[in-house]
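**Student:** Once you've had a glance at the structure underneath, I'll fire off some questions.
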Amino acid sequence: MEMKIREIKTILTSPGRNYLIVKVTTENGITGYGDATLNGRELAVQSVIDNYLRDWLVGYNADRITDIWQMVFRGTYWRGGPVFMTALAGIDMALWDIKGKRAHMPLYSLIGGRCRDRAAVYYHAHGTKRDELIKRAKEMIKTGIKAIRYSFDIKDMHDQNVFYRQPHQDIKIKRIETDAIKNEGMWDSEVYIKNLLETTQELRNAVGTSMELIHDVHGRLTPIQAARLAKELEKYSLYFLEDPVDSNDKNGLQLVRNNSSTPIAIGELFNTIFDCEYILTNRLVDYIRVDISHFGGITPVLQISNFADVHSIKTAFHGPSDISPFAHAANIHIDLSIPNFGIQETFETDAVLEDVFDLPYCYKDGFITITDRPGLGVGFNEEAAQTYRYKKRYLPILRDDMGSVHNW
Ligand code: KDG
Ligand code: MG
């Protein structure tokens, strides 16, 4: 069923934080939207779409999603990389949105139909002090939340007060630069490991077994440090430990695996199926958590989910606040329709987001469901989006006590 692409447009908006949205319109006026947000590199992705993909893809048949995906990925020789794959993801999601709108079907129906009624989610819980984190976790249990990713500011990083921060949270950080959008923090892995073990013990004692606990190391440890940590954490029964080592270090991951039974999740930095292949075939992880916007979109995420299933590995797709509701909705449609879904990462939605996006999903008792609106099901108010102006912002940098740059 031929239906040509008439227009491809990018929209930058910042309701609470920056998002890059792709809008694809067909010759008969059907519009589809996708997420092409890459935190800190939004303008680079926008340039790939506006200066390269747009003129090329206009005139192609919007129905042929796999062919367009193959053409852009395989056909262009210089494949991969986060900027390019995020641009491709934005287009891919918009084309699936169009297909759903044409068929009058939600995405989950198009890709095989529901396997389940609702999907389990985990939220972020952060405390600038340990008792704040524990208080927060207890409050979350009362609201029905059943799983959290916990993080905290680390004290005593060389006696320099609060240094460490999660980049997506507005907490105090030492500013080395005067420019408000460039931040540097200090990192000491041994201080971190000690703080993490103490915090995990207190948190587990406080919440008992009524809450699943997840921690994200962000690849900041050496393989031997990560192996020691994963082993020590066994007694607290984490749901999973995320990115214990640099995700490119497959042998490092193997060392962690050989030394501990703490479940492992990895994947948000991967951009192609080839980045995951060794890890999945060798069963080095229990959960694959690729990011739909940085992995090329719905088409390759379905492929990697099937590939993981063959190896008895479940999914836990990346779902932080720095990807837009189009990506979150796409995640949820997939969560509901693949056999090997594990858990979905999410965050507490800022009300300002709903000035721009009409969300089709809703959270209840630690689970998420989605409406049966066609396509991705997300409403987008373009006029409102224009009023939230893009603000340039860099991701922070970590240094050790010698001043050397540490893994992010
Ligand atoms: O932009 C960086 C974030 O996406 C990342 O810090 C979030 O690690 C993350 C997670 O697991 O959600
Ligand atoms: Mg992570």
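**Student:** I'd like the full set of residues that are surrounded by fewer than 20 Cβ atoms within 10 Å (Cβ to Cβ), charged (D, E, K, R) and within 17 Å of GLU382 (Cα to Cα), limited to the range 18-54.
**Tutor:** The one that is surrounded by fewer than 20 Cβ atoms within 10 Å (Cβ to Cβ), charged (D, E, K, R) and within 17 Å of GLU382 (Cα to Cα): LYS23.
**Student:** Does at least one position in the range 62-84 carry a residue that is of a type in the set (Ser, Thr, Tyr), surrounded by 24 or more Cβ atoms within 10 Å (Cβ to Cβ) and either outside the structural domain of HIS318 (by TED's automatic domain parsing) or in contact with an Asp or Glu (Cβ under 9 Å, 6 or more places away or on another chain) (or both)?
**Tutor:** Looking for residues that are of a type in the set (Ser, Thr, Tyr), surrounded by 24 or more Cβ atoms within 10 Å (Cβ to Cβ) and either outside the structural domain of HIS318 (by TED's automatic domain parsing) or in contact with an Asp or Glu (Cβ under 9 Å, 6 or more places away or on another chain) (or both), one finds none in the range 62-84, hence no.
**Student:** For SER247, which of the numbered conditions (1) touching a Leu at 6+ places or on another chain (Cβ under 6 Å); (2) within 28 Å of MET85 (Cα to Cα); (3) more than 16 Å from ligand 1 (Cβ to nearest atom) fails to hold?
**Tutor:** Result: SER247 passes all but (3).
**Student:** Out of the range 44-79, which residues are at pLDDT below 95 and of a type in the set (S, T, N, Q)?
**Tutor:** Listed by number, the list holds a single entry, THR76.
Let's see how each residue does on (1) part of a loop (DSSP other than H, G, I, E, B); (2) over 21 Å from the mean Cα position of the chain (by Cα):
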residue	(1), (2)
PHE347	yes, no
GLU354	no, no
GLU383	no, yes
LYS391	yes, no
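**Student:** Same structure, new question: Would it be correct to say that ILE145 is surrounded by 15 or more Cβ atoms within 10 Å (Cβ to Cβ), assigned by TED's automatic domain parsing to the domain that holds HIS328 and assigned to a loop (DSSP other than H, G, I, E, B)?
**Tutor:** It is true that ILE145 is surrounded by 15 or more Cβ atoms within 10 Å (Cβ to Cβ), assigned by TED's automatic domain parsing to the domain that holds HIS328 and assigned to a loop (DSSP other than H, G, I, E, B).
**Student:** Give the range 235-263 a look and list any residue that's part of a loop (DSSP other than H, G, I, E, B) and either farther than 11 Å from HIS215 by Cβ or within 15 Å of ligand 2 (Cβ to nearest atom) (or both), or say none.
**Tutor:** SER237, LEU238, TYR239, ASP243, PRO244, ASP246, SER247, ASN248, ASP249, SER260, SER261, PRO263
**Student:** Hey, another quick one. Of all residues in the range 359-381, which are part of a strand (DSSP E or B) and touching a helix residue (DSSP H, G or I) at 6+ places or on another chain (Cβ under 7 Å)?
**Tutor:** Initial filter on the range 359-381 (part of a strand (DSSP E or B)): 361-364, 367-370, 375, 379-380.
Passing the criteria: TYR361, ILE368, ILE370, GLY375.
**Student:** Report the residue count in the range 214-230 for those that are of a type outside the set (D, E, K, R) and either more than 15 Å from ligand 2 (Cβ to nearest atom) or more than 24 Å from the chain's Cα centre (by Cα) (or both).
**Tutor:** Residues in the range 214-230 being of a type outside the set (D, E, K, R) and either more than 15 Å from ligand 2 (Cβ to nearest atom) or more than 24 Å from the chain's Cα centre (by Cα) (or both): 7 in total.
The values are calculated or read from the model by the stated rules, or taken from the named source; none is laboratory data. Bear in mind that the values here come from a model prediction, so they are computed numbers and not experimental data. Note that each Cβ is placed from the backbone with ideal geometry, even for glycine, and that neighbours are counted across all protein chains shown.
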